[in-house]
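Data first, discussion second: the structure below is written as structure tokens.
Taken together, the values in this text are just the output of simple stated rules run on the coordinates, not laboratory data. Treat the numbers as computed from the prediction; the structure is a model and nothing was measured. Here the Cβ positions follow ideal geometry from the backbone for every residue, glycine too, while neighbour counts run over all protein chains shown.
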């Protein structure tokens, strides 16, 4: 049974995180993007030739994201195939749902990180077949051109072919910063925007997730929507590097699914609680910039904590095309869930606090210390309770990070479903006297009702509708305030 001050929510989905950059997260945030890549990121990524170093960093980042309640992550690795395979192995061993990409870059690369077009394509195909050969519904390969400046047209064309042949997810950066846009224009004069270039190379697909998009035009957004591509909103790194703020509502109105990304190490924190808070602040900053202070327009609806939580759960699931599997806690879906507990620290509760107030406090004040337990596909993968330790890790002794023969692709989906119903992706027991005796059962129990002062906890889309009517009606994508 849930205790006073505890909340059960759907697992959070990080749609953009650089696993090798975790070792220097929280540093080097004072430089422009291209300088940061050349002087900090690329030297750090060269070290992933060393599998011992790779194991240390990748184990740390997977463990950290799990402790923060991230049940599904879309990872950039490096261009090193053995280390990329190691990241897939570690995520599988820990039980995290992960989309992993071997990075591709065949031009404008520093010494020690150069690869030929042929090697990039061969390495990507080998990595795809390796991950599919794990026969796990949790781990998926991702075709990963780093960004347009680091990929020749021949490489982009080849990756587009692999995306079609293997029906793989695609990830990259798109229209991120002014210096990136200027570099693309210099490399591809007269060839159009990032979105148009990706589209010409068959990489703008319904399995593609692009990070940032701060400088996308209305035409670009329409093109992404037409292709079914999604966007990862990375609010912290946008403040740091992008020279602007994503107009989330505009992207949503165009029909593009939007998830939330930590973007470590452009973003300092691997915990999506922080990304949620930055998303709210970014939206309010945008409003203040666009509307005169004190005007009636400035009083319109803006993103709040409920929209941000939606981005981190249902929004991320929809961006990855997994809204039928994860993103809410309900019958027929995989049980990816996070138990939050105000008793973890930093949050004071009072008798008058409603259950909704408890959830709001957890979202606005919570840290990884408030994550009491995490389940992925029904398996407990993290617990702060010594009496309820994580389930034993999946043994991977039969796998090698370096030499595993390629295997044919496995089937796309597996099944591990919730056998009992809950209300809308979060099961909640309040901290005050408003619960009225409706206890929430253990995961998988026959009665897992969510009680609040005004009745059952609605679906997150309904919570969104409370702020901006009609905004949450399209599950997974309607996340931003329509007035922005």
Order the peptides 191-200, 303-312 from the highest to the lowest mean number of other Cβ atoms within 10 Å of their residues. 303-312, 191-200
Decide, for segment 16-133, between rounded, prolate and oblate: order the square roots of the alpha carbon gyration tensor eigenvalues as a ≥ b ≥ c, take rounded if a/c falls under 1.5, and otherwise choose prolate if a/b is larger than b/c, else oblate. oblate
Gain in length, residue 34 to residue 385, computed as 0.36 nm per residue apart minus the alpha-carbon separation, to one decimal in nm? 122.0 nm
On full extension of the chain, what length is gained from residue 167 through residue 50, given 0.36 nm per residue of separation minus the C-alpha to C-alpha distance? 39.1 nm
If you wrap a convex hull around the alpha carbons of segment 21-80, what volume per residue comes out, as a whole number of Å³? 96 Å³
Can you tell me what percent of all Cα-Cα pairs in segment 13-319 are more than 28 Å apart? 32 percent
Spin-label point model (7 Å from Cα, Cβ direction): what's the residue 111 to residue 154 distance in nm? 2.4 nm
Write down Rg/Rh for segment 198-355, rounded to two decimals, with Rg from the C-alpha atoms and Rh from the Kirkwood relation over Cα pairs. 1.00
Separation in nanometres of the label points that stand 7 Å from Cα toward Cβ, at residue 59 and residue 27: 2.1 nm
Suppose each label sits 7 Å from its Cα in the direction of the beta carbon; what would the residue 343-residue 4 distance come out to in nanometres? 1.0 nm
What is the ratio of the Cα radius of gyration of segment 192-246 to 2.2 N^0.38 Å, with N the residue count, to two decimals? 1.11
Could you give the length gained on full extension between residue 206 and residue 289, defined as 0.36 nm per residue of separation minus the Cα-Cα distance, in nm? 26.6 nm
